[in-house]
Amino acid sequence: MSLPPGFLDELRTRVSLSQVVGRKVVWDQRKSNQGKGDMWAPCPFHHEKSPSFHVDDRKGFYYCFGCHAKGDAISFVKDTENVSFMEAVEILAGEAGMPMPARDPQAREKADKRVQLVEVMEKAVQFYRLQMKTAQANEARDYLARRGLDEAAQDRWQIGFAPKGWQNLWDALIAKGIEPEMILEVGLAKPSKNGKKPYDTFRNRIMFPIRDAQGRAIAFGGRAMDPDDNAKYLNSPETPLFDKGRSLFNFAPAREAAGKGHPLIVAEGYMDVIALSEAGFGAAVAPLGTAVTEDQLRLMWRIADEPIIALDGDTAGLRAAMRVIDVALPVLEAGKGLRFCLMPQGLDPDDVLKNQGVGAMKSLLGTAQPMVELLWQRETEGGVFDSPERRAKLDKSLRAAIAKITDPHIRSHYGAAIKEKRWALFNPRKPGRKWQPKNAPLAAASTTRASQLAQGDSTMDEILREAVILAILLTHPNVIPQFEDALERFEFIDQDHGRIADAVLRHMETDRLYDRVADSVGTAPLEKLFKPRHVSLCPAIRCPGDDEIAALCIAEELSKLHARRGARREIEDAVRDAESVGDEGTTWRLSQAAEARNRAERAQNEDKTEFEVGSNGARISRNERLKLDSLLAQINKDNTTG
């Protein structure tokens, strides 16, 4: 069976050689550099203990310095699985999600024709390069010089010029014996609608060759010299050689540079890529006239785990960045992400390099933000979230964005990161100010320190109840969503309790909540939290598997705390007035406030729970228990009387 042209190239692009080989070997962690795709292991083809088998994941080849075995992913599967070439292709195609093509008797003929089409493109490159040397290209050469590209740089990038006129390239290729159908098939000319000769696709443009992963010319990008031209940049149409959604400008040189440790930078246009590469940032690529596609992302991740999206510092650049987010979210994988570097307002990478230098570009790239930061910026920028409805709308949009992530582990980490940002947005702390709860009790004034109200530690009871609430939440994480809003609004008296509550809210959707909270606040505050006897005797702590008891206990403790704090605030207001005025009216208010506090204390001491916990841990209805006690008492009385 023959395969259609380009199928094997796409298969090799989609498959990671290190993953294929990794199923058969154990990598040497000391010698391997996974970030650069430079992997070493004992050779699977001959018995050895030293890691002489080398995999270059970016180039897609392996070589053993012991037995000299070499090849790509297809040959590795073929030799290790003892299968035929086509069977190896079928195995890898299944892993890559590529359907095997139907039998094509003309496949060999098509492959030969593809070679011929590439030759046509190379002849066009030569034609355009020669035209750059003519008088017609004076303006184009001046433009390139102003952009900082001398003749040597133009030669390195094989930049050419398409002169004015309708059939310059057409006539030149026909004169070399190229068949007209082939010129049309590669998109270098278009048929005339008036029955005349086909006309050149590119006219009066600076020409940039676009090459595939093997360095073969497959298309062109042309920059118009006429400022009134409708299209400033024009790419070749899609052809048997060129699929713009699966190609990147400068891909092959960028892959080599990334293998040497250069960061992969994704710019918007040809000139940005050329400027970056000439300035020493060799691993620079650009999409070809379209927004970044999934296939282009996969190409980038083959050569770098975290490409840096470097976009122009204007509204269009920011919009382009936001579009990349929506494309990337569904295809994120562990260890494969994006970082974003927006240029200063009104500048592109080429401008930054010319105006501010290489050092400024390095500094900008060093500040590149992870994708979650830009996602949060997109959803919150310009928004006002001063009402429950607006906050709910924000939550809905964030949930919808995170839901696009198919990998459950990445989705969980994104949720935790967004939760932390949401908490910081809705619960800001003033900088330079010591953490102090909004409703913390006032210090007793000099005239009242000896009074009954100021005697003893009036907040100890509240601190213990705070500890009970947090301890229950840590041991019953399933009930946290029921009290999330209440916990966000609650002001803790104890500073450690406030930090623990923040950590609980940030990590509520993660596994092993206690360990995550301990990592955030330390183990000492948690040990202190569970130490009081009042906490250890709580029914919910003694019944760790019963979330219903936990929810009831938390609700009761919150209710008592709100009642106590309401009464305390009334007393504090009265104390202030008594110190400043001291008349009979404020004295009466103070007595009323004290009575209100007493009522709150009596209410707290009343046991309003509807259940009790038996010695075996089972819940017992209080009413039923009282009825049973009454019945037993009556039986005992009858027995005594009888």
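Values quoted throughout were computed directly from the atomic coordinates according to the rules given, and no laboratory measurement underlies them. These numbers come from a predicted model, not from an experiment. Glycine also receives a Cβ, built like all others from the backbone with ideal geometry; neighbour counts cover every protein chain displayed.
Quick one: Debye curve from the alpha-carbon atoms of the range 238-300 only, equal weights, vacuum; give me log10 I(q)/I(0) at q = 0.15, 0.28 Å⁻¹ to two decimals.
-0.41, -1.20
Could you give me the ³J(HN,Hα) list for the range 82-93, computed from phi with Karplus coefficients 6.51, -1.76, 1.60 and θ = phi - 60°, whole Hz, x at Gly and Pro?
For the range 82-93, the Karplus curve yields 6, 10, 6, 4, 5, 5, 5, 4, 4, 4, 5, 4 Hz.
What does the charge add up to near residue 389, with Lys and Arg as +1, Asp and Glu as -1, over the other residues with Cβ less than 15 Å from its Cβ?
Surrounding charge for residue 389 is +1.
Would you please give the residues with an amide H less than 5 Å from that of residue 309, counting only those at least 5 places away or on a separate chain, with H modeled from the backbone geometry?
266, 339, 340, 341
Taking amide H positions as placed in the peptide plane 1.01 Å from N, state which residues far from residue 385 in sequence (5 or more) or on other chains have amide H under 5 Å from it.
Long-range HN contacts for residue 385: none found.
With θ taken as phi - 60° and the coefficients 6.51, -1.76 and 1.60, list the Karplus ³J(HN,Hα) couplings across the range 403-415 in order, rounded to whole Hz; mark glycine and proline as x.
4, 5, 6, 7, 6, x, 5, 5, 4, 5, 5, 4, x
Which order results if 277, 32, 536, 412 are arranged by neighbouring Cβ count within 10 Å, fewest first? Provide the component values of the computation, followed by the final result.
On the way: 277 23, 32 18, 536 12, 412 15.
Fewest-to-most ranking of 277, 32, 536, 412: 536, 412, 32, 277.
If I stretch the segment between residue 484 and residue 112 completely, what's the gain in nm (0.36 nm per residue apart, minus their alpha carbon distance), one decimal? The partial results should precede the final answer.
Numbers: separation 372, 0.36 × 372 = 133.92 nm, distance 6.62 nm.
Going from the current span to full extension adds 127.3 nm.
Amide H of residue 71 versus every other amide H placed in the peptide plane: which residues, excluding those fewer than 5 positions away on the same chain, fall under 5 Å?
Under 5 Å from the amide H of residue 71: 62.
Karplus couplings for the range 350-362 from phi (6.51 cos²θ - 1.76 cosθ + 1.60, θ = phi - 60°), rounded to Hz, Gly and Pro as x?
My calculation for the range 350-362 gives 4, 4, 4, 5, 6, 8, 10, x, 5, x, 5, 5, 4 Hz in order.
If I take R0 = 22 Å and measure r between the Cβ atoms of residue 404 and residue 98 in this structure, what FRET efficiency does the formula 1/(1 + (r/R0)^6) give, to the nearest 0.05?
With R0 = 22 Å, the Cβ-Cβ based efficiency is 0.40.
Tally Lys and Arg at +1 and Asp and Glu at -1 over the other residues with C-beta under 15 Å from the C-beta of residue 175: what net charge comes out?
Details: positive: 123, 176, 197; negative: 171, 179, 200.
Once positives and negatives cancel, what remains is 0.
Return the distance in nm (one decimal) between the two label points of a simple spin-label model at residue 90 and residue 147, each offset 7 Å from Cα along Cα→Cβ.
The two pseudo-label positions are separated by 4.9 nm.
Return the loop-located trypsin sites (Lys or Arg not before Pro) in the range 168-239 (DSSP other than H, G, I, E, B) with at most 13 other Cβ atoms within 10 Å of their own Cβ; answer none if there are none.
Sites meeting the loop and neighbour criteria: 176, 193, 196, 232.
Are there any trypsin sites (Lys or Arg not before Pro) in the range 476-542 that are in a DSSP loop and have at most 11 other Cβ atoms within 10 Å? List them by number.
On the way: sites: 489, 499, 506, 512, 516, 528, 533, 542; in loops: 512.
In loop regions of the range 476-542 (DSSP not H, G, I, E or B), the sparsely surrounded trypsin sites (Lys or Arg not before Pro) are 512.
Given the range 7-96, report the % of alpha carbon pairs whose separation exceeds 17 Å.
Of all Cα-Cα distances in the range 7-96, 44 percent exceed 17 Å.
With Cβ to Cβ distances under 12 Å as the rule, what net charge do the other residues near residue 202 carry (K, R +1; D, E -1)?
+3
Ranking 25, 55 by Cβ neighbours within 10 Å, fewest first, what do you get?
Listing 25, 55 from fewest to most nearby Cβ atoms yields 25, 55.
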